[in-house]
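Worksheet for the structure shown next.
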Amino acid sequence: MPDAQINLPVFTPRYWEFLTDDEPPEGDLAEDYHEASKFYRGTMGRAVTRQRLESDEVLRRSSAIGARELPHLPRLPLAPVDPEHEQQAAPALIRRPSCRDFAPQPLPVEQLGRALWLSYGAYQDRIPDSPAHRRPVASGGGLYPLELYLVADVTGSGRKGLYHYYVHDHVLEEVRAEVTTEELRELGAQPDLVAAAPAIVLINGLFWRNRFKYRLRGYRFALLEAGAVIQQLTLVAQSFGWGVVPFAGLYDDVVERLCEIDGVDESFLNAVFLGLPE
Ligand SMILES: Cc1cc2nc3c(=O)[nH]c(=O)nc-3n(C[C@H](O)[C@H](O)[C@H](O)COP(=O)(O)O)c2cc1C
């Protein structure tokens, strides 16, 4: 394990450094939107989901089937799919339900390392002798604007720590040797689940890594890429026999303080909880 080392971003430009003469120097839609979409203690649970659903039949049906229906159009039936056959052909590709009930034991650190590598690790491929590299997910411009952090017991000490995954050396950089159960319970709105998850991967966006090129569109790219990493982690977890649940319900500011990031140039996007299913 490397010595305690905090991976402070070395690249923290402000948006106005990238403005051209014909752009107004105030406001930043991506930063404003991102801030407005954060979960804080006060905003979480304010949604009146049930009331809305009860009062609107169209909304109720739409959210129940999760698909757009166009029944007035001609239909072309597809050949039926055999779930049994698909399961045998590609077991990890058939989604099993999200797991929220984890066995207490930690996940083996070797496998955690493989899971990180298989979801966002770096490898030289197709371009030998070049500093350019590839990752398991596609990335607009190959700029990879995400950073993964891991909360897990990786030392066998019985204590969970917080680590930053530095992809190029495939190492965990120890941000905090210990994150207490109390601190974990403070992280989100389902404290028992957060504290019980054997491993939590925090996916953060370091937005200017691609926004210098793609500007506002780069923010969209970062969100798309986070989805791809979540899916990759889900598939890896399933192939390892782990339970997995993507988890949004963490308080952004608490996560950001924990990761020692500023919440603007680098900010929390989503988490993935991993563990052996109970
Ligand atoms: C972006 C995202 C965020 C999620 N956040 C949470 C969460 O905060 N808490 C939770 O219990 N489940 C969370 N889930 C899991 C969904 O509730 C779950 O995927 C959905 O209900 C479908 O069920 P299944 O995954 O079991 O098929 C999240 C899923 C996604 C994709």
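Roughly speaking, to the nearest percent, how much of region 174-273's 1.4 Å accessible area is carbon and sulfur?
Carbon and sulfur atoms account for 54 percent of the accessible area of region 174-273.
Tell me the GluC sites (Glu not before Pro) within region 29-110 that lie in a loop according to DSSP and have at most 15 other beta-carbon atoms within 10 Å.
Those satisfying the criteria are Glu69.
Given the options Val81, Val255, Val201, which has the most mean-square fluctuation in a GNM of the chain, springs set between C-alpha atoms less than 10 angstrom apart?
Top of the fluctuation ranking is Val81.
Where the accessible area of region 63-161 is counted over protein heavy atoms with a 1.4 Å probe, how much of it, in %, is carbon and sulfur?
On region 63-161, the fraction of accessible area on carbon and sulfur atoms equals 56 percent.
Share of Cα-Cα pairs in region 99-275 beyond 19 Å, in percent?
Cα-Cα pairs of region 99-275 separated by over 19 Å account for 55 percent.
Give the residue list of trypsin sites (Lys or Arg not before Pro) in region 89-194 that are DSSP loop and have at most 11 other beta-carbon atoms within 10 angstrom.
Arg95, Arg126
Which loop GluC sites (Glu not before Pro) in region 134-181, with loop taken from DSSP, have no more than 15 other Cβ atoms within 10 angstrom of their Cβ?
Those satisfying the criteria are Glu178.
Charges on Cβ only, +1 for Lys and Arg, -1 for Asp and Glu, centred on the Cα centroid of the chain; of Leu59, Ser37, Phe273, which one is farthest towards the dipole's positive end?
The residue sitting most towards the positive pole is Leu59.
Under 12 Å from the Cβ of Leu148, count the other residues' Cβ atoms, weight Lys and Arg +1, Asp and Glu -1, and hand me the total.
-2
In whole Å, how far is the Cα centre of region 183-256 from that of region 73-146?
Their Cα centres are 14 Å away from one another.
Accessible area per residue, 1.4 Å probe, Å², for the chain: what's the number?
It amounts to 58 Å² per residue over the chain.
The values are calculated or read from the model by the stated rules, or taken from the named source; none is laboratory data. Every value quoted in this text rests on a predicted model; they were computed, and no experiment measured them. So basically every Cβ, Gly included, is an ideal-geometry build from the backbone, and we count neighbours across all protein chains shown. Side chains included, ligands, DNA and RNA excluded: accessible areas come from the protein's heavy atoms. Shrake-Rupley method; radii C 1.70, N 1.55, O 1.52, S 1.80 Å.
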